[in-house]
C-alpha cells in the first residue's frame, strides 16, 4: 500500500507524475465534453460519443476516489476533507442521474463543474492561494460582515432618497439591494440609477465606500499570499537542511 500511496499522493516520482498528468487531462476532457453537450442540435452519434466519454471519465474518477480513500492514513478525515468532498461531488451527479427523475438531471449536470476544483490538488499556485485564505480567514470574515452592513445601509439610504421619485425601482429596501451591490462593487450597470439630488449625493458617498470594498480584500489576500510563500520557503529550507545537519552530527 505504501508504494500505491506514493504514486497517488506524491508527484516527485515518474509514476506519480504520470498519474497526476493523467487525472488532469481527464478533468480537462470532462469539462470539454460538458461544454460540447450544451451545443444545440447535436447528432445522435455525437450525443452517444459524449456519453461514452463521460462514462469512462467518471469510472476513472471513481477508481481514483476509492484508491485515495483506501490509501488515506485517516480515511474518515479524508472523506470529509475539502479535496475528499470535491472528489465525491465530481462523480456523484453521474450516479444520481441514473436513479433520479430525468427532470432533475439538468440541475445535477451543473454539479459536474465541481470537477474543475480537482485541479486545485495539482496546482502549487492554487494550494498557496488556499493557504493564504486560511491565514486571512478571520480578517476576511470580519470584512465581509462589515461589507454586508454597509450594503444594507446603502440600500436603506437610496430607498429613502429615491422611493418617491422611482417607486418601481426602489419600492423597498429589498428592491434597493441590487443597486447597493452594483454600486458598492463599482460595477455600475446603469440599469437602476438615482435621479434626485439627494440620491446622487448619497451615491457619491457610496461609491467612495465602494473603493474600500474592492481594495481591502485584495490587500488582505496579497499580504496572506506573501506569508504563505514565506512559510513554504521556510518549510523547503528546513527539509533541505534537515538531512545535512544530521550528517554533520554523525561526522
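The values are calculated or read from the model by the stated rules, or taken from the named source; none is laboratory data. Keep in mind it's a predicted model, so treat the numbers as computed, not measured. Here the Cβ positions follow ideal geometry from the backbone for every residue, glycine too, while neighbour counts run over all protein chains shown.
Within the stretch 165-178, the residues that satisfy the criterion of being closer than 19 Å to residue 213 by Cα and in contact with a helix residue (DSSP H, G or I) (Cβ under 6 Å, 6 or more places away or on another chain) are 176, 177.
Would you confirm, using the coordinates I've provided, whether residue 218 is exposed (fewer than 12 other Cβ atoms within 10 Å of the Cβ), modelled with pLDDT of 85 or more, outside the structural domain of residue 68 (by TED's automatic domain parsing) and farther than 23 Å from residue 82 by Cα? Against the criterion (exposed (fewer than 12 other Cβ atoms within 10 Å of the Cβ), modelled with pLDDT of 85 or more, outside the structural domain of residue 68 (by TED's automatic domain parsing) and farther than 23 Å from residue 82 by Cα), residue 218 does not qualify.
From the list 53, 91, the one residue that fits, being at pLDDT below 90, over 21 Å from residue 130 (Cβ atoms) and in contact with a helix residue (DSSP H, G or I) (Cβ under 7 Å, 6 or more places away or on another chain), is 91.
For the stretch 29-52, the set of residues classified as without any contact (Cβ under 8 Å) to a residue 24 or more places away in the chain, surrounded by 14 or more Cβ atoms within 10 Å (Cβ to Cβ) and under 27 Å from residue 68 (Cβ atoms) consists of 50 only. For the stretch 164-179, the condition holds for no residue, the condition being that it is loosely packed, with under 14 Cβ neighbours inside 10 Å and within 24 Å of the chain's Cα centre (by Cα).
Go through the stretch 5-21 residue by residue and tally those that are in contact (Cβ under 8 Å) with a residue 12 or more places away in the chain and either exposed (fewer than 13 other Cβ atoms within 10 Å of the Cβ) or part of a loop (DSSP other than H, G, I, E, B) (or both). I'd like the intermediate steps shown before the answer.
Pass one, the stretch 5-21, residues in contact (Cβ under 8 Å) with a residue 12 or more places away in the chain: 5, 7-9, 11, 19-20.
Imposing the further condition that a residue be either exposed (fewer than 13 other Cβ atoms within 10 Å of the Cβ) or part of a loop (DSSP other than H, G, I, E, B) (or both) reduces the set to 11.
Qualifying residue count, the stretch 5-21: 1.
Reported count of residues in the stretch 221-251, each being at pLDDT below 50 and part of a helix (DSSP H, G or I), is 7. Among the residues making up the stretch 195-215, those that are closer than 24 Å to residue 146 by Cβ and touching a helix residue (DSSP H, G or I) at 6+ places or on another chain (Cβ under 7 Å) are 199, 202, 203, 206, 207, 209, 210, 213. Looking across the stretch 3-23, the residues that are at pLDDT 80 or above and farther than 15 Å from residue 68 by Cβ come down to 14, 15, 17, 18, 21. When residue 188 is tested against (1) modelled with pLDDT of 80 or more; (2) not in a helix (DSSP H, G or I), just one condition goes unmet, and that condition is (1).
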